[in-house]
Amino acid sequence: MSTSTSEALKNIKNKQRRQKVFGEIKHEKNKARHKLRAERAKEERANPALREERIAQNIPDTLDNKRVFDETIGVEVEGEDQDEFQQYFTNLGSEPKILLTTSENAKKPAYEFADMLMDFLPNTTFIKRKKEYSMKEIAKFASNREYTDLLVINEDKKKVTGITFIHLPEGPTFYFSITSIVDGKRIKGHGRATDHIPELVLNNFNSRLGKTVGRLFQSIFPHQPEIQGRQVITLHNQRDYIFVRRHRYIFRNEEKVGLQELGPQFTLKLRRLQKGVRGDVIWEHRPDMERDKKKFYL
């Protein structure tokens, strides 16, 4: 409430009278605002450049554009591309080969999520987890059979809680928490996916850590998508939450594109990055990192 409104209402003791005066003042302010908008719209119709100038200047404040400066964004480090994923990017003739399994004593939700992943991750083989084998033993088994990645679905109390990515043969290991899983069949107006290799779109992986995560996701998809399938998988990073979506597109004309969601939908958040196969921790998300809402790591 503005100072002028407060002054006008201060000396009115009767509650009903005070409410009526407040309503009248509010109504007058609304009329003035609408009149100003109408005048501005008339001017902008006559001169469209005014509207473009107003929109360019009227940038709302969000957590994204108030982000705390990260010195690794936009900085090229010598040897940055000489990491564990280098072989994928230099050997364009090889294709990723993924082994998918679950945590021990997995229940139905883990197997259902495994079906979702196998539906859109090419060259993926699923094996049922056996108690007598540790994660490192499974990674060694997979590496000996020329698998390039090991994915382990984590399930707790009949709920999928996370997924572990191990890039073979020498790591690194990524652990992501998973939330908001929606099967494609539950999406209104969903389409039916085909077996074509999808295109991949990565958004907002800008920091050094973010680029490493982006290279991980690139390495689990073949180099050459099948364009005729018109399917695209989008991994959109916003405030360190990675939203995973799959669509089919169609060009309606030279300017308009139609999208149909195929599903599934889920959200990832990086919790831990380790050297090798579950070795030393390089980066780990801590609860105190949530205090500064303007600090993002990807």
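The values are calculated or read from the model by the stated rules, or taken from the named source; none is laboratory data. Please read all numbers here as calculations on a predicted model, not as lab measurements. Neighbour counts run over all protein chains shown; Cβ positions are idealised from the backbone, glycine included. These area figures cover heavy atoms from the full protein model, side chains too; ligands, DNA and RNA do not enter into them. Shrake-Rupley method; radii C 1.70, N 1.55, O 1.52, S 1.80 Å.
Taking 7 Å steps out from each Cα toward its Cβ at Lys128 and Arg239 produces label points 4.2 nm apart. Using a probe radius of 1.4 angstrom, the carbon and sulfur fraction of the accessible surface of the stretch 5-59 is 51%.
Using 19 Å as the Cα-Cα cut-off, could you pick out the over-long pairs in Lys140/Lys211; Lys107/Lys275; Lys108/Lys128; Lys185/Lys256? From the list (Lys140/Lys211; Lys107/Lys275; Lys108/Lys128; Lys185/Lys256), the Cα-Cα distance tops 19 Å for Lys140/Lys211; Lys107/Lys275; Lys185/Lys256. The gain in end-to-end length when the Ile282 to Arg45 segment is fully stretched comes to 79.7 nm, 0.36 nm per residue minus the alpha carbon separation. Looking at the stretch 85-290 alone, DSSP beta bridges between its own residues are antiparallel in about 75 percent of cases.
When the pairs Lys66/Lys188; Lys188/Lys269; Lys97/Lys131; Lys10/Lys66 are compared against a 28 Å limit on Cα-Cα distance, Lys66/Lys188; Lys10/Lys66 fall above it.
A 1.4 Å probe over all protein chains sorts Phe176, Phe69 by accessible area into Phe69, Phe176, starting with the largest. Compared with the direct C-alpha span, the chain from Lys275 to Asp115 gains 54.7 nm at full extension, assuming 0.36 nm per residue.
From its DSSP helices (H runs of at least four residues, each -39,500 (n - 2.57)), the chain gives a residue-normalised ellipticity at 222 nm of -9500 deg cm²/dmol.
About the centre of its Cα atoms, the chain shows a dipole size close to 2560 debye [charges on the beta carbon of Lys, Arg (+1) and Asp, Glu (-1) only; nearest 20 debye]. Classify the stretch 85-290: rounded, prolate or oblate, from the alpha-carbon gyration tensor (a ≥ b ≥ c, eigenvalue square roots; a/c under 1.5 rounded; otherwise prolate if a/b is larger than b/c)? Note, shape of the stretch 85-290 comes out rounded. With protein chains left intact and a 1.4 Å probe, residues in the stretch 5-59 average 90 Å² of accessible area per residue. Note that the stretch 85-290 presents 54 Å² accessible area per residue, ligands and nucleic acids not counted, probe 1.4 Å.
Qualifying GluC sites (Glu not before Pro) in the stretch 1-72, where qualification requires a DSSP coil assignment and no more than 11 other C-beta atoms within 10 Å, comprise Glu71. Among all the aspartates and glutamates, which ones have a C-alpha under 20 Å from Lys42's C-alpha, if same-chain residues fewer than 8 places away are not counted? Filter leaves Glu52, Glu53.
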